[in-house]
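None of the figures in this text is laboratory data; all of them are computed from the coordinates on show. Since the model is a prediction, treat every value here as computed from it, not as a measurement. Heads up, the Cβs are rebuilt from the backbone with ideal geometry, glycines too, and the neighbour counts pull from every protein chain shown.
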Amino acid sequence: MSNYIKSILFAAVLSLVCGGLLTLASTGLKEYQFKNIELDKNKNILKSVGLMDGEDSVSQKTVEQLYSKNIRQIWINVDGKIVPEQRKGKNDLPVYLFSQQEKIQAYIIPIHSRGLWGKISGYMAIKNDGATISGFTVYSHQETPGLGGEIEKKWFQKNFEGKKILDDQGNFVSIAIAKGSVKERIPESRQKNFVDGISGASMTGKFLSAGLKQTLTEYEPFSERYRKNEIK
Amino acid sequence: MKITKTKAFNVFFKPIWESNPISGQILGICSALAVTVQLKTAVVMSLALTFVLAFSNLLISLMRKFIPRNIRIIVELTVIATLVIFADQVLKAFLYDISKQLSVFVGLIITNCIILGRAETYALGNPPFHSLLDGIGNGLGYSQILITVGVLREFFGAGKLFGFQVIPDTFYAAGYENMGLMVLAPGAFIAIGLIVWLQKTVSKE
């Protein structure tokens, strides 16, 4: 048998064996991984409204308890009206409500944005005034660690707290990531609509700003109903 | 024959101190900088790397007589990549938080030069048992440095170990401050540099 055929045969068999083993491992562990991802999402929802710190490690049970006690998922249509889950259509959007003492404190919007290298997914919580951001978290992204990857860090996400999605006149302007420090780059009247950028990651900031604007625009009818006090 | 004179003993213990992959051969520095801010990630990374190194050495040594010379690097990388992806999947299933913190660095074990280096220079020419020992020895050598650097960085950088505060509040009240440099990559460089210096001085005798 010639050397070439031997090499090709060896490579083929090795690939087959390795591929098979990996498929087995991946399908066998999928259930556990899926559970972890779900748990992590719930944790991020809790983090966005400040019910959890994110630093401390808590048991699965605490997360589930906190979640089922405070958070409720609903669906809304494009006009911002709540639709029952059985009748939800293709264009309806999910919202999570955070209520305490029988009153809705904040609503949480899932964020899906483009990043520089892949999709960025997270949550943004907005207070029941329909204008003030109470928290922002990221649970999945593919940005460069140390640069764009900083979006998953607490220092970056903390900047969102207390910022507004409205300008001084009460018009919707969304929230954007500044190029550099907000204090130096943005005029004072607009500072509440911007958060500090990450140095070395202006592209990530650009994409995330666009993604946030798009998502917030989609949810704007719902936010407006909060501002007009139509939902209690 | 004394146990310290056997080949197996040497193969296992030499890389832990004398020819340590990081401080002796200066290999695998990238991950040593990236994952040592906290002790927890350093330990998990060490375990993952030791696992991959031990089994890649063992498997490649078992196949060493059949691997065609001209595609040996591809074969080695295939074996290593399979093990790394497997380790990554297991971490994602059972240690999700830590696997998120380690992010790409588990996947980057594939490109860690320690592993390909051991496969090329040792496993291809030695029997399976010794290769396995060599793999574990080198893995522990790497782990030893990683954990030492992890301890230094978390202790001086954050005043914690494994996430628990070890420097009492009274110290902070008295004006003690965490060393910010230790949290950044240069802190790891300095720590590794000091370890290399220490090791060179001690083993010169």
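Numbers below:
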quantity: Shape of the stretch B:85-148, Cα gyration tensor, a/c cut at 1.5; calculated: prolate
quantity: B:PHE189/B:GLU18 FRET efficiency (R0 22 Å; Cβ-Cβ; nearest 0.05); calculated: 0.45
quantity: DSSP H segments from chain A that extend 20 Å or more along their own axis, Cα-based, with Kyte-Doolittle mean of -0.5 or above; calculated: A:3-48
quantity: Whole-Hz couplings from phi, Karplus 6.51/-1.76/1.60, listed for the stretch A:116-129; x for Gly and Pro; calculated: 6, 10, x, 7, 10, 10, x, 9, 10, 9, 10, 5, 6, 7
quantity: Cut-off of 10 Å, at most 16 other beta carbons, DSSP loop: longest stretch of chain A lacking such GluC sites (Glu not before Pro); calculated: A:162-229
quantity: Whole-percent pair-distance distribution, where bins are 10 Å wide, for the alpha carbons of the stretch A:85-133; calculated: 23, 37, 33, 7, 0
quantity: Relative counts (whole %) of C-alpha pair distances in the stretch A:3-92, using bins that are 10 Å wide; calculated: 13, 23, 23, 18, 12, 9, 3, 0
quantity: Partner lysines for B:LYS7 [C-alpha distance under 23 Å; skip if fewer than 8 residues away on the same chain]; calculated: B:LYS65, B:LYS204
quantity: From the C-alpha gyration tensor of chain A, square roots of 5λ in Å; calculated: 39, 24, 17
quantity: Test item: B:70-78 mean partner chain Cβ contacts at 10 Å; calculated: 3
quantity: Cross-link table A:LYS153/B:LYS40; A:LYS41/B:LYS92; A:LYS206/B:LYS92; A:LYS61/A:LYS88; A:LYS43/A:LYS213; A:LYS69/B:LYS40, entries beyond 21 Å C-alpha to C-alpha; calculated: A:LYS206/B:LYS92; A:LYS61/A:LYS88; A:LYS43/A:LYS213; A:LYS69/B:LYS40
quantity: 222 nm mean residue ellipticity, helices alone, for chain B (DSSP H n ≥ 4; -39,500 (n - 2.57); rounded to 500); calculated: -21500 deg cm²/dmol
quantity: Range of Cα positions in the stretch B:16-192 per principal axis (Å), largest first; calculated: 66, 36, 24
quantity: Shielding by partners, peptide B:85-94 (average Cβ within 10 angstrom, other chains); calculated: 5
quantity: Test item: A:149-155 mean partner chain Cβ contacts at 10 Å; calculated: 1
quantity: Bins of 5 Å from zero: percent of alpha-carbon pairs in the stretch A:189-232; calculated: 5, 18, 17, 20, 18, 11, 7, 3, 1
quantity: Rg/Rh (Cα only; Kirkwood hydrodynamic radius) as it applies to the stretch B:39-137; calculated: 1.00
quantity: Helix-only [θ]222 nm of chain A, DSSP H runs n ≥ 4, -39500 (n - 2.57) each, per residue, nearest 500; calculated: -13500 deg cm²/dmol
quantity: Helical segments meeting 20 Å axial Cα length and Kyte-Doolittle -1.0 threshold in chain B (DSSP H); calculated: B:39-63, B:72-94, B:128-158, B:185-203
quantity: Cβ charges +1 (Lys, Arg) and -1 (Asp, Glu), total dipole of the stretch A:114-196, debye; calculated: 80
quantity: Added length on full extension, which subtracts the Cα-Cα distance from 0.36 nm per residue, B:PHE164 to B:LEU47; calculated: 40.0 nm
quantity: The protein assembly as shown: equivalent-ellipsoid semi-axes (sqrt of 5 x gyration tensor eigenvalues, Cα, Å); calculated: 48, 28, 19
